[in-house]
1. For region B:248-263, does any single residue satisfy the condition of being in a loop (DSSP other than H, G, I, E, B), β-branched (V, I, T) and crowded, with 23+ Cβ neighbours inside 10 Å?
2. Can you name the residue in region B:120-144 that is within 18 Å of B:E160 (Cβ to Cβ) and away from chain C (no Cβ under 14 Å) and, of all such residues, is nearest to the chain's Cα centre (by Cα)?
3. Would you pick out the residues in region B:76-92 that are modelled with pLDDT under 90 and among the acidic types (D, E)?
4. So how many residues does region A:136-191 have that are in a loop (DSSP other than H, G, I, E, B) and either within 14 Å of another protein chain (Cβ to nearest Cβ) or out of contact with any helix residue (DSSP H, G or I) (no Cβ under 8 Å at 6 or more places or on another chain) (or both)?
5. Kindly check whether there is at least one residue in region B:158-169 that is of a type outside the set (K, R), farther than 24 Å from B:S334 by Cβ and at pLDDT 90 or above.
6. Can you tell me which of B:I432, B:I397 is away from chain C (no Cβ under 13 Å) and farther than 30 Å from B:G359 by Cβ?
7. Name every residue in region B:66-108 that is basic (K, R) and within 25 Å of B:A283 (Cβ to Cβ), in order of residue number.
8. Condition check: touching a Pro at 6+ places or on another chain (Cβ under 7 Å), outside any loop (DSSP other than H, G, I, E, B) and at pLDDT below 80. Does C:G252 satisfy that?
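The values are calculated or read from the model by the stated rules, or taken from the named source; none is laboratory data. Values in this document were obtained by computation on a predicted structure and should not be read as measured data. Backbone-built Cβ (ideal geometry, glycine too); neighbour counts: all protein chains shown.
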Amino acid sequence: MLPRTIDFARRFARNRAAVVGLLLVILVIGIALAAPWIYPRNPLRIVGRPEIWPFVNSRFPLGTDSLGRDIAAMIAYGARTTLLIGLCASITATLIGITVGAAAAYFGGWIDEMLMRFTELFQTIPNLIFVLTIVAILGQKLEYVTIAVGVVTWTPIARLTRAEFLSLRDREFVQACRAMGMSNLRIMFGEILPNALPPVIVLSSLVIAGAVLFESAVSFLGLGDPNVSSWGRLIGDGRTLIRTSWYICAVPGLAIMLTVLALNLVGDGLNDALNPKLRDR
Amino acid sequence: MSRFSRRDFLMTTAGAALASRLSGPAFAATEAPKRGGTLLATWGGFEPQSLFVPPGGGSSPYFTSTKVIERLVRLTVDLKFEPVLAVDIKPAEDFRSYLIKLREGVTWHDGQPFTADDVVFNVLEYWKPISAGVSLDALDSAEAVDPLTVLLKFKAPVPEFFLKSVLAGKSGLVIPKHIYAGSNIITNPINNTPIGTGPFKVKEWVRGSHVEYLRNEKYWNPSLPYLDRLVIRWWQDPASRSAAFEANQLDIGVFNPVPMPDVPRLTSGGKFIAETKGYSNSAWITTIEFNQRRDIFKKREVRQALMQAIDRQFISDTIFFGRAHPSIGAIPSSNAIFFTKDVQDYPFDPKKAAKMLDGAGYPVKSGSRFGLNLVSAGWFEENVKIGQYLKQAFEDIDITVDLAVPDRATSLKRIYSDYDYDVAVSNNSGSIELIPSTTQYYTTDGIVKGAAFRNATGYSNPKLDEIVAKMAVETDEPKRIALGKDFDRLVALEAPLLPMVDLEPVTIARSDVRNHSTTADFMGESWAELWLDR
Amino acid sequence: MRRIVLRRLAQIIPLVLAVIVLNFVLIHLAPGSLFDVMTSEQQITDPAMLDQLRHTYGVDQPTGVQLAKYIWSVMRLDLGFSYRQNAPVLDVIMDQLPATLILMLAAIAVALVIGMTAGVLASVRVNTIWDNLISLAAVFFFAAPSFWLGIMMVVLFSVKLGWFPVGGMRTIGVNNGVIGDALDVMHHLVLPATALGLFYAATYARVMRASMLEVFRLDFVRTARAKGLSRARVVLVHVMRNALLPIVTLLGLQLGTILGGSVVIESVFSWPGIGSLLFDSVMSRNFPMVLGVLVLGSLLVAVANAAVDLAYLRLDPRIRAR
């Protein structure tokens, strides 16, 4: 196990961009975890004069927004929101996606037909509108945003899992397992899944990035949870001030971009490290 | 403001006002209006669902329909009624009937003549059942005496100012009988291309973009309108409107068209002016409402304490960028007739608030006095920030707050249908006349589950109901004004729901747009007298 | 082949039905019905009037009846009547659809042109500074939220430089004839289409680069080169054509996403399209409108997906058709 891990780490490290991405992700996680120590008070508190530009007042390194709230504090707490939603939504999406995709490919026939129609159904509905509808129905709470994002992002995972399963389903080792009389579940999850998993994991890591973007769009449109700090909401709030104080939009946007970028780079690194095709190159 | 002076005024100014319409009140003596040109206009909100929404439909269809459809009278900025389609409205001695004289030679856009039959149709089929609601409860009958005279009869005395307010208000639009008779007024497809007697005719409505009006060549006042063409266009965000002004794509915008911080920048060069007149008959306020169905808020001291915990100057200065001021009592200060300063005031004093809560039996226990659900109606951008500020303000006096800022639909449902809130932040726009637009937030008969913008707090006080009932039939103006002030004093003391701030909406216009903002509800004016100095 | 096509088309019907039922149920679960929004917007407070309106809007009927009625009318190609707009749903959608189609097509064009050019360039000059720059730009645009990109572009190109209008689709009050109008729309289109398209351009650049590199290694490319064909010809005719497949797949899958993305972009740029209509309709529980847009949208995506599947079937016989 250990040599494999080291081997994996070495392959991952070969992609320097991925290492930068990983460091960035660690940085964001660090900020998110440390937020309550750096800023012990509620980040949504009004603490100073409104619209102080960044790097002007050392108390507010990233300036204040239109209400006089500390942008740095909101960014730090926003990292918690962003990562939490990204991670939970990705887990939700991965679980749904793998289940649907695996079952569809393995059983084939009408089950495949049904499940793929089901997948198509979710792909057909414009995803962002679907998220907005769900949030509008369930309410503006963090967990509902998470569920909504998970529910619209699982379809690519299902399709990929199905494709991987399809290509593996007729391989010799699976036929051998069948001949040995293994149960369907065991073949699916014990034998095929581990072989199909690497690309799925890569995709899941990219789904985190996608979920972060979704959350920011929902908050930008004013439908996020008002009780927590969010990068997207900060952009939405700052929008009316783009002529006078465009930094209010720019700063959280940069935070979103760097986080998504870092997650994507890590995903690429994982792809390099896990994708057997590139392994021998 | 005696009854006689106003009536005299209306009679004597019937002709004078007509003259002033020709030259316009604001620049009457100095400049002769120029004819022609296209005016590009907008307002600080979205496209209407339909150009004309018979039951009301909010500010946006009101804005688009009033350029086409006129009323009998209008209210000027200095609160005088001026004739439009009616040249005179005269009460009988007992105020139980009114005689309305109509203007001669008015035609609808399709060439049909405008007559007393049209007005009777409006009173009986449109205003009473659809638009005016309880305002015309006392109406008994309406009949055409001759083709240009209408007689209205009432079951009880109706104050003159009240009736004229209804006729000059949002519910008094006059629609053509020959188009609407026999159809469902609300769903008639003509509402998308309305027909009226007004100075502008609808040419084309491009959904999602703009509506274009052309000059009505057969307008009853042959010298009006001055403009050849009027275009109302919609943008979804204020910053774009600001840019459109600078790009010469916009001449006038009503009701806060641009972000507040942009106002000084736009006006500093002299190319644009900011005008705050023209909003007094549609005075917007931001209210805080305490749900009386919760035991905590049944205590008056708790409501009063919470009022004192709010720094309303901060809301005015920071959230509204100075385009608002702390409210005094329930009646906006822009209401020159009924406003009074002589009411219970709630200056910002969190220490006193905390003391009052201690006294009311809600001391701090393990960090919190009690928890409350705060619902801030998400239809205005500012309400989001107000919600966040109130959460902080209440937490400062050790109240735990769970904030929700639901979208428009959910806000309406939670506040006005389900009463699912402890404290709510909402808005309303009141007319100068208090009944019913202001009073229905407080009276017992204002409690109607599911009917929005009414008494949602469940507050009920027989003493208050009595004052309002007296006011409804009091025809002596000074006595009526005194009753209005009694109403305000009682409401301010009880504080079941109070305005936190009075908004000061602003109109932005290019300086070469002349003769605007001359009526008490300029947005809903026909804009016939506007002209371009180009 | 024809049988498969017909069957694929037949599958679209239950899909559309499912979209209707799913959304109908969701919208009815939502607190605050269209009726509440309508009456409050119209400030109707008279109880008798409220009852009359309930009847007019049909909300006094049980939900099941409302659903059945709706499905029946959709079958007759009638998407219902929107009381909010006071017009048939289809008419309102058709009024706003062109603007969105223009925006979507322009965004797709931006994405394809920029994405494929960048991808081909990167693959031809693999591991050079060009490749690295393109990759860097791709990760940048892949990570930036489109609405933020839009706002930043407005700050730079409209507010600071004044090159492009801040929003809208046309300059109002100017009549320049057909060509002038088209140029005017294109001028307004540049920023929104770019903001929406850059994300997909980044995707396509990456995918294009990867699949180009993959195809380069295949035997037939070597053969083509050995035949003495020019490098440009090999790249453009042989490699690119084969590398296009994944792009086509992606495009088919992303149509729904692009429609969703246009909601946000239309809100940033005040673009008068279907996105803003849909957003407004969701917010006001105007379910005939939401359903109408979703039914049309799902038809579009379903047809696109079926086409992609069929294309695959022809190109890759290893995937069995069942």
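1. Checked region B:248-263: at least one residue is in a loop (DSSP other than H, G, I, E, B), β-branched (V, I, T) and crowded, with 23+ Cβ neighbours inside 10 Å.
2. Top of the filtered list is B:V123.
3. B:D78, the sole residue that qualifies.
4. Quick first cut of region A:136-191, residues in a loop (DSSP other than H, G, I, E, B) only: A:139-141, A:154, A:170-171, A:180-183.
Keeping just the survivors that are either within 14 Å of another protein chain (Cβ to nearest Cβ) or out of contact with any helix residue (DSSP H, G or I) (no Cβ under 8 Å at 6 or more places or on another chain) (or both) gives A:139-141, A:154, A:170-171, A:180-181, A:183.
Summing the residues that are in a loop (DSSP other than H, G, I, E, B) and either within 14 Å of another protein chain (Cβ to nearest Cβ) or out of contact with any helix residue (DSSP H, G or I) (no Cβ under 8 Å at 6 or more places or on another chain) (or both) in region A:136-191 gives 9.
5. Pass one, region B:158-169, residues of a type outside the set (K, R): B:158-163, B:165-169.
Now restrict to residues that are farther than 24 Å from B:S334 by Cβ: B:158.
With the extra rule that they be at pLDDT 90 or above, the set shrinks to B:158.
Scanning region B:158-169 turns up at least one residue that is of a type outside the set (K, R), farther than 24 Å from B:S334 by Cβ and at pLDDT 90 or above.
6. Details: B:I397 fails: farther than 30 Å from B:G359 by Cβ.
Answer to the check: B:I432.
7. Within region B:66-108, B:K67, B:R71, B:R74, B:K80 qualify.
8. no
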